[in-house]
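Right, one structure below, let's go through it.
The values are calculated or read from the model by the stated rules, or taken from the named source; none is laboratory data. These figures come from a predicted structure and were not determined experimentally. Here the Cβ positions follow ideal geometry from the backbone for every residue, glycine too, while neighbour counts run over all protein chains shown.
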Amino acid sequence: MSQIRLSIIIPFYKQIDFLLRGIRSVKVSLDKAQISTQFELIVINDSPSFSQISLHENLKNNFDKSFVDCIVFLANKENYGVAISRNVGLDCAKGECIHILDQDDEISEDFYLLTLQALEKADWVLCNGYFQNQNLNKKHLIYYFRPSLSIDNFILDDFVRSPGQVVFKSSLIKNCRFKPPIKYKGADDRFFWILMYGLTPNMKTTHLSKPLYSAHLHDDNFSHDSQELYRSSKELWDAMPVDVFAPKQKLMNRNKLAIDYVLNLNRSLPAFIEYLRYKYRINRMLRFIIKYTFA
């Protein structure tokens, strides 16, 4: 049996057309990287009303047998949500590298070729990409300038916009898992990366400026609700291990202040200053301007 080089994890919930579109882009990219059997595609069915037999038949009818043979089909007993579903995938992943996608993501044909090349010298690679807003029929880049991949920037800015942008070595998983939502949803992926960086502060990171990834924004995305995201962030900060981030407590407090200002929980001058620092970062400002004007 050949060694598994790459584990691709995709939670599935109801939208089979989204899933098929995303997996087609995965197959094209795997073929370009000449990875025919050295991968596993882990699909976690988080939609109990959608039968495993139907899911298997849909994929079997749309892809060749050799590809489908590399798919690992898992199913949750209940609708646990994307965070727990991703953890289920992480727990069974056997690949040297890990890539976590949402069902409505797409990747370019060069994605695996370039990210796996980058991982020969790094532990964690972040690629650029596009936001494609179906409601506005527009798309814009995620980064117009290279983001700082420091732990400080991880804490102060949610610059990793989606798990699908990142491919990382499985050695980084350790005790790092997605935090299930307490009440609000949306920020679990941001805090997964913050926790990973906190547990492995010396990991080697790199960034690919070429757009290789596309996130489709639509009404079903929790991330489309900014207030939900901020409330989720506030909950997850309180759930982070204090001992891991003790040296970064001041930075954590700054981000909490910014969140409290947005949620009208703290309208003090220090909170307002932190809000401005967070809100008017260059990549975020450019995305906002282009989203509503030139795109």
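Descriptive notes on the structure:
- Helices (runs of 4 or more DSSP H) lying entirely in segment 76-163 (those with 3 or more residues that are farther than 17 Å from Leu6 by Cβ and in contact (Cβ under 8 Å) with a residue 12 or more places away in the chain): 82-92, 151-156
- Residue count, segment 164-201 (criterion: assigned to a loop (DSSP other than H, G, I, E, B) and over 21 Å from Arg146 (Cβ atoms)): 16
- The helices (runs of 4 or more DSSP H) found wholly in segment 228-295 and carrying at least 1 residues that are surrounded by 14 or more Cβ atoms within 10 Å (Cβ to Cβ) and at pLDDT 90 or above occupy 249-262, 269-279.
- Residue list for segment 1-40, restricted to those being part of a loop (DSSP other than H, G, I, E, B) and out of contact with any Lys or Arg (no Cβ under 8 Å at 6 or more places or on another chain): Met1, Ser2, Gln3, Arg5, Tyr13, Lys14, Gln15, Ala33, Gln34, Ser36, Thr37
- Among the residues of segment 97-120, just one is over 18 Å from the mean Cα position of the chain (by Cα) and under 15 Å from Ser171 (Cβ atoms), namely Glu120.
- When residues in segment 41-62 are screened for being part of a helix (DSSP H, G or I) and not basic (Lys, Arg), 10 of them pass.
- Here Asp17 meets each of (1) loosely packed, with under 15 Cβ neighbours inside 10 Å; (2) in contact (Cβ under 8 Å) with a residue 12 or more places away in the chain with one exception, condition (2).
- Any hit, segment 219-227, residues being at negative phi and modelled with pLDDT of 85 or more: yes
- Filter pass, Thr205 being modelled with pLDDT of 90 or more, hydroxyl-bearing (Ser, Thr, Tyr) and within 18 Å of Pro147 (Cβ to Cβ): yes
- Qualifying position, being aliphatic (A, V, I, L, M) and surrounded by fewer than 17 Cβ atoms within 10 Å (Cβ to Cβ), among Ile155, Ile182, Ile142: Ile182
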